[in-house]
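Below: one structure, written as structure tokens.
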Amino acid sequence: MRQHWLDRMVEKYGNDQNKGRDPYPVDKYEYGWGGNGEDTDGDGKGEFDCSHFVNRILRDMGYDIPYETTAQMRNSKYYSEIDPSELSKGDIVLFEGHVGFYYGKDKNGRDLIYSSYGRRESGGPGPSITPMNWFGKPIKFLRPIESPSPNYPEKVRNNLREGTRRIDPL
């Protein structure tokens, strides 16, 4: 069976709950709520938050979506809102002040998300697969609007032409 694109991203960026490691070099980044990747506190490290993590993964997957904060994603023209009954692996889950990717259910039937949030031990961003209810009640479920872009990999453009529902460029 073909590996889901989100599983490939977990392999690439890590899952702190299982591996206990930082996927980003701690000497380059630190977790900072509202951080846009810039060094805002003068310590030489870029502050990076959950919304930047989501944007980075979307860009890795070939989406040409500009960065938006979690608050901006609520009314974004780049995403369509989906009904919770349509939620599938890789869809975006918005919370009040947090965002991540829906990952599926654990063995106990709890909904899981893959997201980045701060960790006290290292100060670095810590991507993890965690129970969705850790972040409160979701306020919205989103899916990127699939529109071709000259920047998309060829496989993504082909998927779009063929009318596939989910983009899986690899």
Pairing a residue in segment 1-25 that is open to solvent by 70 Å² or more (accessible area, probe 1.4 Å) and part of a loop (DSSP other than H, G, I, E, B) with any residue that is at pLDDT below 75 and of a type in the set (Gly, Ala, Ser), where Cβ atoms lie under 7 Å and the two sit 6 or more apart in sequence or on different chains, gives ARG21/GLY14
Restricting attention to segment 116-135, report how many residues are outside any strand (DSSP E or B) and either modelled with pLDDT under 65 or open to solvent by 40 Å² or more (accessible area, probe 1.4 Å) (or both). 9
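The values are calculated or read from the model by the stated rules, or taken from the named source; none is laboratory data. It should be emphasised that the depicted structure is a prediction, and the values quoted were computed from it without experimental measurement. In this analysis, Cβ positions are derived from the backbone assuming ideal geometry, glycine residues included, and neighbour counts consider all displayed protein chains. Remember, those area values only see protein heavy atoms, side chains included, never the ligands or the DNA or RNA. Shrake-Rupley method; radii C 1.70, N 1.55, O 1.52, S 1.80 Å.
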